[in-house]
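Peer 1: Just passing along the structure, written as structure tokens.
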Amino acid sequence: MTTIVIKIGGKPAESETLLHNIAAEIKHLQDKGSCRFIFVHGGGTCVSAIQKQYGIEPVFIEGKRKTSAAEMDLVDMGLAGKVNKSLVRKFHQNGLRAVGLCGSDGSTFLSKDAVMLDNDENRTGSINHVDTSLVELIMRAGYFPVLSSVSSDSSGRGMNINADEAALAIAKALKADSLVFISDIPGILIHSSVRSKLNEAEIEKYIVEGDIQGGMIPKVRTSLAALRAGVRQIQISGYEEPGDLRLIIQGKKGSSIVL
């Protein structure tokens, strides 16, 4: 059976119509018995909105949210709470047996320990260890795991993990057949055109030349590491209409990262 990890962000994660269409495609592929899916999500827009309700202005360092100990409670509320349960309910409406999880459940993700930054703990972490036991158990029982990236460190403190990193980590641990990143962008844009396929040498060339920049740099570099670790295929794409997920998985839409 083919194992597919889907990480979603941007407009597709917030659009009722697009989520409905994605869920319908996942259900169709599951019913055929050919695929099993793990769904990973972020929810930065929701977290920022909650922070502002509490009078906290979000701070980002190199594209990653700075998370104080007090803000970690808000991250839990937003990602493991509101966003995760909202997605679970939407998927149930579309016939998927969704189960909402976060990285702390079953110690799926163990983060590196929190560090001090500006006289406060920085609870923005990175993954130190992955245990797929719970996710595997859920999939074997016929359920659909919907995974928020928040997790814990060795002292049991809540840690905020970048959702891209979480998707890459679970895909590597499962040696997934396919890892799909779905967001607002149609793929990796080089000179305003989507490149259907990029290898390691091309990626480094375009990073040096400035065509690949910002948050896309760690995404493509960690994607290459995931390929070396056994993930068979990585796609970066947008999602506009029914049938797109099948095209993305087949490598016919978006950008493929290859070694």
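Peer 1: Checking Glu165 against (1) part of a strand (DSSP E or B); (2) buried (at least 18 other Cβ atoms within 10 Å of the Cβ): exactly one of these is not met. Which one?
Peer 2: All conditions are met except number (1).
Peer 1: If you go through the range 16-40, how many residues are of a type in the set (Lys, Arg) and surrounded by 17 or more Cβ atoms within 10 Å (Cβ to Cβ)?
Peer 2: Going through the range 16-40, the residues of a type in the set (Lys, Arg) turn out to be 27, 32, 36.
In the following step, the residues that additionally are surrounded by 17 or more Cβ atoms within 10 Å (Cβ to Cβ) were identified as 27, 36.
Number satisfying all stated conditions: 2.
Peer 1: For Ser68, state whether it is hydroxyl-bearing (Ser, Thr, Tyr) and either at pLDDT 95 or above or under 20 Å from Leu174 (Cα atoms) (or both).
Peer 2: no
Peer 1: Continuing with the same structure: Filtering the range 77-124 down to residues that are of a type in the set (Asp, Glu) and not in a helix (DSSP H, G or I), which residue is modelled with the lowest pLDDT?
Peer 2: Looking at the filtered set, the residue picked out is Asp118.
Peer 1: Could you tell me how many of the residues in the range 203-229 are at pLDDT below 90 and not in a helix (DSSP H, G or I)?
Peer 2: Summing the residues that are at pLDDT below 90 and not in a helix (DSSP H, G or I) in the range 203-229 gives 4.
Peer 1: How about the range 230-259: which of its residues are of a type outside the set (A, V, I, L, M), closer than 14 Å to Ser178 by Cα and part of a helix (DSSP H, G or I)?
Peer 2: Arg246 - this is the single residue of the range 230-259 that is of a type outside the set (A, V, I, L, M), closer than 14 Å to Ser178 by Cα and part of a helix (DSSP H, G or I).
Peer 1: Please go through the range 170-190 and give me each residue that is assigned to a strand (DSSP E or B), in contact with an Asp or Glu (Cβ under 9 Å, 6 or more places away or on another chain) and either touching a residue at least 60 places away in the same chain (Cβ under 8 Å) or buried (at least 18 other Cβ atoms within 10 Å of the Cβ) (or both), ordered by number.
Peer 2: Correct list: Phe181, Ile182.
Peer 1: Of the conditions (1) under 27 Å from Leu179 (Cβ atoms); (2) surrounded by 15 or more Cβ atoms within 10 Å (Cβ to Cβ); (3) over 16 Å from the mean Cα position of the chain (by Cα), Gln51 clears all except one; give me its number.
Peer 2: Answer for Gln51: the failing condition is (1).
The values are calculated or read from the model by the stated rules, or taken from the named source; none is laboratory data. Values in this document were obtained by computation on a predicted structure and should not be read as measured data. Note that each Cβ is placed from the backbone with ideal geometry, even for glycine, and that neighbours are counted across all protein chains shown.
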